[in-house]
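The values are calculated or read from the model by the stated rules, or taken from the named source; none is laboratory data. Remember, it's a predicted structure, so these values are computed and weren't measured experimentally. All Cβ positions, even for glycine, are placed from backbone atoms using ideal geometry, and neighbour counts span all protein chains on display.
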């Protein structure tokens, strides 16, 4: 995969030129002059993208921060609130709870797909080119391409009282476990998490599989000769070799968990109680339903900061072993 | 892997701080500073005095209605038949979605007619058209005052008095529907006259292996508020509850009789009188179960009467919640099927004319009763269609008359503030079902949310 | 590579089970869609009579024709523009590398992890001030902006890998920057561009939050947004809801199956870099 090359330091075009004789010196000066002109061209080419980004994204981030310091209902004039909205996030169990819920979702959105993906990929890597494996590439990807809304609708139905999940449980004699999964305080959040795991598993598995296909087979052969079993092989060769891919999976899925909205909006609307309320949904409710723009914005700022705070250290973790 | 390397991470953080700094600068001018302070006084044009009409030219009314209730569409179809120049562009959503969208839609996509949740905040924010001018022109102010008081909002945002901000398509009322066949099976031949008797039938249904009550309580709609408020009226009087709903000074939901009611509800939950999946049951699932014979009772409103007469002809009965002691006064939640006009509506005159028509036209009143199942709005002596005495529609109409005599009408506790239902009653009732909330805690939590909402 | 029969079989069984779990929801959706409208079918039960008419009803009540047109219009508004300006910026940052460009790049990187919910509130007021609420522009313009971090990041990464000697040689032959970009870099960038295009197509098609907040009229929304509205209206009728969901899914599924190889590659690369 090309990303291997991308990670390298900037390719040395200039370094290559130095191998040539000094007769190039004059041309190089001309090139430098041109480079100055290219500076202006470059800025002109950057302008449209930067303009869109500045107007809609940067400005919106700034305005979110601004709103978060006000009490505002979106209609009448706002009043200054200082850090009041942030204090509310800490004090109000509903707001704080939504953040806790988002972190719990990480278990399902990230840990399960990555762990299950690792095991599956390690099991099938040896016949990754068989027909079954090729078909699986297509099938396992289906959840990735459909809208999350559709995943939410499908699973709400599967997890309902008379849904397939309970039907299967009853058929295998586990009827006592059957319940309205999305309507039960103990299971609603995990049930939402399962929907996320279903969506994200395929992506993780295939990413990890792609990573494993780059492992030098001789490593495994050497391990076998040393008498290593499947388990040791998995932990001492496979997992370390795909550390980067694991990092990617975790990053993508953690963001999906913390910023979840679509699935919850469709399947539980945050209920029962507030047991599946997540920050994204709470921002939406606060801003457009309860019309507490200030509190909504404070929560939005908290969410943006949280995502950065979780994702940035992850980059360090996956990168640290490289050098 | 080509994520940003270490060199730019620190600067990334610096950039975040920079953005924060920018924000502090931007904070100088508060959002909404340029917003007009009041928009509500803008009553739409038209000649004063003469009652407005829809005119002769083609008009398309933008209507935003609630999914699953055939009455508005039936009325609109009939209206177009009588006034061919008027057509309706209808958008439908579930009530919870409408509640969430109301403030935005009224401003940014203004409908001429819109199904509304409770109106106090929408009215005081100037989103709804003041209908007083129409009330005078059409003579709505001559109707029994109680019909309209829930839709009046004073300058402090309290309901019950002040300008009129909405109208009803009819006036609905709630109680208990029951499956006659199953009721006979558990020995209930006439409706219970005391709460204790009702308790007995619930237990009998449970003992007979039937589901006593399938009550919707899932998603954003806590349907246990229906039995709860019914129980409140068994134990206490409707007036304090109405005061609370209308945000009268010092009103509280956390009273002794309401606590008894909440404890009674908890007793029902613990006794297993409700289906075990009510926390994931939505309204239409409840209806489907009841119609399919999978629930002996449901707490619901007369808007279903017409539907039930069709789907369970002869097999469905209705009674008002029995009082705690025999012969006690009865009360019921009773509210207009509220429709309002956006302050920015394009055709307010025609919309108002439609609302008046729905209350006064004989054909419309017939549809109101037969399709809607409830009493239409309008003067006390207005035309009423003949209704077959065996139908549940007849029973609910009679019950409505009884409530009128007893002065037992009250609004719905879910209508006290804009967000009290979805953000307070619903989650707390769902918690109570799961054993995570006590009756005391329920009332205290709701009262706290109520105070924090009307406080600012 | 030596693979024991046992390993092979474990792998096969595991893979088959996982594929079944993946496909089951689709099957359940399909079977439920064939039940009588207005009923609550129990689990995965084959209906006695097949109500194919549900699809017709759903097609009409969901105004599928209009929804398709709307989604396509939004795609046409977003993807080409975002591709073009993202590529130009990527070329500037990755190949021309102007002084100070690094700062611009960092500003873009900031947006890579941005949850859309973080800025949806001011976005709503901004779009309202522009008078664009309830129009497709309300989705198109912010989406182009929101895709910029990834598009610029992706294309910059691509242009950085292009060996400099190619361009130097062209320069020496007197090619202008424009010619260099148009004649040499762009043709070499087709794989990167098409992957980016596919990703942006999918993201747009499936965009829900912006549609729900900024556009009320389902016929002005993206497919996912329209599906949300359809659920709002028909969520009370499960078979019809399932039929409608399937109809709304079909175009995506068809396009995916036609271009699956490119899709899979694009998504895998996309997440590696995103």
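Values as computed for the structure displayed
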quantity: In segment C:161-190, residue surrounded by the most Cβ atoms within 10 Å (Cβ to Cβ) [restricted to those that are free of Cβ contacts under 8 Å to residues at least 12 places away in the same chain, in a helix (DSSP H, G or I) and facing chain A (nearest Cβ under 9 Å)]; calculated: C:171
quantity: Selected residue (only one of B:400, B:418 is closer than 28 Å to residue B:248 by Cα and either without any contact (Cβ under 8 Å) to a residue 12 or more places away in the chain or within 14 Å of chain A (Cβ to nearest Cβ) (or both)); calculated: B:418
quantity: Members of segment B:111-153 found to be assigned to a helix (DSSP H, G or I), over 18 Å from residue B:52 (Cα atoms) and in contact with a strand residue (DSSP E or B) (Cβ under 8 Å, 6 or more places away or on another chain), listed by number; calculated: B:120, B:122, B:123, B:124, B:146, B:147, B:149, B:150, B:151
quantity: Those residues of segment B:64-102 which are without any contact (Cβ under 8 Å) to a residue 60 or more places away in the chain, facing another protein chain (nearest Cβ under 8 Å) and assigned to a helix (DSSP H, G or I), in sequence order; calculated: B:97, B:101
quantity: Some residue of segment B:376-388 being touching a strand residue (DSSP E or B) at 6+ places or on another chain (Cβ under 8 Å), in contact (Cβ under 8 Å) with a residue 40 or more places away in the chain, under 20 Å from residue B:148 (Cβ atoms) and assigned by TED's automatic domain parsing to the domain that holds residue B:89; calculated: yes
quantity: Output for segment B:103-125, where each listed residue is more than 14 Å from chain C (Cβ to nearest Cβ) and under 23 Å from residue B:86 (Cα atoms); calculated: B:112, B:113, B:116
quantity: Check on residue C:36, touching a residue at least 60 places away in the same chain (Cβ under 8 Å), over 30 Å from residue C:139 (Cα atoms) and more than 10 Å from chain A (Cβ to nearest Cβ); calculated: yes
quantity: Any hit, segment A:6-17, residues being at pLDDT 80 or above, under 30 Å from residue C:166 (Cα atoms) and at the interface with chain C (Cβ under 9 Å from one of its Cβ atoms); calculated: no
quantity: Selected residue (only one of C:23, C:17, C:31 is at pLDDT 90 or above, more than 8 Å from every other protein chain (Cβ to nearest Cβ), surrounded by 14 or more Cβ atoms within 10 Å (Cβ to Cβ) and in a helix (DSSP H, G or I)); calculated: C:31
quantity: Of all residues in segment C:226-271 being under 16 Å from the mean Cα position of the chain (by Cα) and within 12 Å of chain B (Cβ to nearest Cβ), the one that is modelled with the lowest pLDDT; calculated: C:271
quantity: Listing of helices (runs of 4 or more DSSP H) fully contained in segment A:165-254 that carry 1 or more residues being away from chain B (no Cβ under 14 Å) and closer than 21 Å to residue B:280 by Cα; calculated: A:188-212
quantity: Counted residues, segment C:77-91 - those being crowded, with 24+ Cβ neighbours inside 10 Å and either within 7 Å of chain A (Cβ to nearest Cβ) or without any contact (Cβ under 8 Å) to a residue 24 or more places away in the chain (or both); calculated: 4
quantity: Complete set of residues in segment C:203-223 that are without any contact (Cβ under 8 Å) to a residue 24 or more places away in the chain and assigned to a helix (DSSP H, G or I); calculated: C:212
quantity: Residue check, residue C:108 surrounded by 17 or more Cβ atoms within 10 Å (Cβ to Cβ), facing another protein chain (nearest Cβ under 7 Å) and more than 17 Å from the chain's Cα centre (by Cα); calculated: yes
quantity: From C:152, C:121, residue being under 22 Å from residue A:302 (Cα atoms), within 9 Å of chain A (Cβ to nearest Cβ) and touching a helix residue (DSSP H, G or I) at 6+ places or on another chain (Cβ under 8 Å); calculated: C:121
quantity: Residue B:411, sole failed condition from (1) in contact with a strand residue (DSSP E or B) (Cβ under 9 Å, 6 or more places away or on another chain); (2) crowded, with 22+ Cβ neighbours inside 10 Å; (3) not assigned by TED's automatic domain parsing to the domain that holds residue B:275; calculated: (3)
quantity: One residue from B:216, B:198, B:246 being farther than 18 Å from residue B:334 by Cα and at pLDDT below 95; calculated: B:216
quantity: Residues of segment C:95-105 that turn out to be within 8 Å of chain A (Cβ to nearest Cβ) and without any contact (Cβ under 8 Å) to a residue 24 or more places away in the chain, as a count; calculated: 5
quantity: Subset of segment A:278-296 [under 22 Å from the mean Cα position of the chain (by Cα) and either at the interface with chain C (Cβ under 8 Å from one of its Cβ atoms) or outside any helix (DSSP H, G or I) (or both)]; calculated: A:278, A:279, A:280, A:283, A:284
quantity: Residue C:234 over 30 Å from residue B:285 (Cα atoms) and touching a residue at least 60 places away in the same chain (Cβ under 8 Å); calculated: no
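The rows are residues; the columns are (1) more than 14 Å from chain A (Cβ to nearest Cβ); (2) in a helix (DSSP H, G or I); (3) in contact (Cβ under 8 Å) with a residue 40 or more places away in the chain; (4) under 20 Å from residue B:194 (Cα atoms).
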{"residue": "B:260", "(1), (2), (3), (4)": "yes, yes, no, yes"}
{"residue": "B:286", "(1), (2), (3), (4)": "no, yes, yes, no"}
{"residue": "B:303", "(1), (2), (3), (4)": "yes, yes, yes, no"}
{"residue": "B:308", "(1), (2), (3), (4)": "yes, yes, yes, no"}
{"residue": "B:336", "(1), (2), (3), (4)": "yes, no, yes, no"}
